[in-house]
Amino acid sequence: MEVNSVLVTGANQGIGLEFVKQFVNLQYPPRHVFATYRNINTVQTLENIKNLSSNSEVILIKMDVREASDIKSAFEVVKGKVGDQGLNLLINNAGAVEYQSFPEVTEENLLFHFATNTIGPIAVLKAMLPLLQKSASKNRVTGMSVSKSAVVNISSIGASNTKLTEESPREWLAAIGYRISKAALNMAMRVAAMTIQDQGILIVNICPGWVKTDMGSNKADLEVEESISSMLGVLSQLNESHHGAFLDRDGTPMPF
């Protein structure tokens, strides 16, 4: 997989951080790796990666996906670096979960998840769309691919209506706000995919699996290195047949 530039949101920890680590260590690493964070006190590991990276320029950007001004500022930083070549790949990873069950779940909890996990990724895609369009138009490769222009949205099996059955773990029901917001993200990005399908920009939703991160907890099945390695392998194989799809980390289609 050859990607000239990639923007990873929520890159200061967990899945986002591991994406940055593995991107800079690819055989053909991106020229630019944009890594966003919300809190300056959480970027030491990113700083270390930046300082040790010899083949990729790692650019740290403070951005809360819930803040329009932050997104606008991030756009200007990315635009200033990539210029007319545009942005190759956007990984909408930033997300959050706060557990509340029904009927105790509050309006504040629901709005928090919707703002972070649904509206945020849509707003980032809207802002970066001109740069993704530039990348798609500059690249002469036919069809769709991550190397041309793509958006990868980190979703969850928890967003699948079909996968929620009586056999599902009962404790996962307590993530009602998270599950609703990720289901909405899947629909939003499927609509976006169908709307701009003639522009050469690939849009895919992908579930990383249950990963051992602060969000996934130590009870999870997967080490973060395994999850991201698997997803990177899938990204290199994506094409127009995957446009608007919802996939597992190994490329298996998942039901909405």
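The values are calculated or read from the model by the stated rules, or taken from the named source; none is laboratory data. Note that the structure is a prediction, hence the values are computed from the model and not measured. Quick reminder, even Gly has a Cβ in these numbers, built from the backbone with ideal geometry, and neighbours come from all protein chains shown. Accessible surface is based on the protein model in full, side chains and every heavy atom, while ligands, DNA and RNA are left aside. Shrake-Rupley method; radii C 1.70, N 1.55, O 1.52, S 1.80 Å.
Side notes on the structure shown:
- Within the range 80-112, tally of residues that are open to solvent by 30 Å² or more (accessible area, probe 1.4 Å), part of a helix (DSSP H, G or I) and either touching a helix residue (DSSP H, G or I) at 6+ places or on another chain (Cβ under 6 Å) or touching a residue at least 24 places away in the same chain (Cβ under 8 Å) (or both): 5
- Odd one out for Phe75 among (1) within 20 Å of Leu131 (Cα to Cα); (2) assigned to a helix (DSSP H, G or I); (3) within 14 Å of the chain's Cα centre (by Cα): (3)
- All of Thr162, Thr213 fail the test of being open to solvent by less than 60 Å² (accessible area, probe 1.4 Å), touching a residue at least 12 places away in the same chain (Cβ under 8 Å), part of a loop (DSSP other than H, G, I, E, B) and on the phi < 0 side of the Ramachandran plot, apart from Thr213.
- When the residues of the range 30-62 are filtered to those that are in contact with a Phe, Trp or Tyr (Cβ under 9 Å, 6 or more places away or on another chain) and more than 26 Å from Glu2 (Cβ to Cβ), the one that is most open to solvent (accessible area, probe 1.4 Å) is Lys62.
- Test result for Ala115, of a type in the set (Gly, Ala, Ser), open to solvent by 10 Å² or more (accessible area, probe 1.4 Å), in contact (Cβ under 8 Å) with a residue 12 or more places away in the chain and part of a loop (DSSP other than H, G, I, E, B): no
- Qualifying residue in the range 177-199 (condition: touching a Gly at 6+ places or on another chain (Cβ under 6 Å), open to solvent by less than 80 Å² (accessible area, probe 1.4 Å) and closer than 30 Å to Gly83 by Cα): yes
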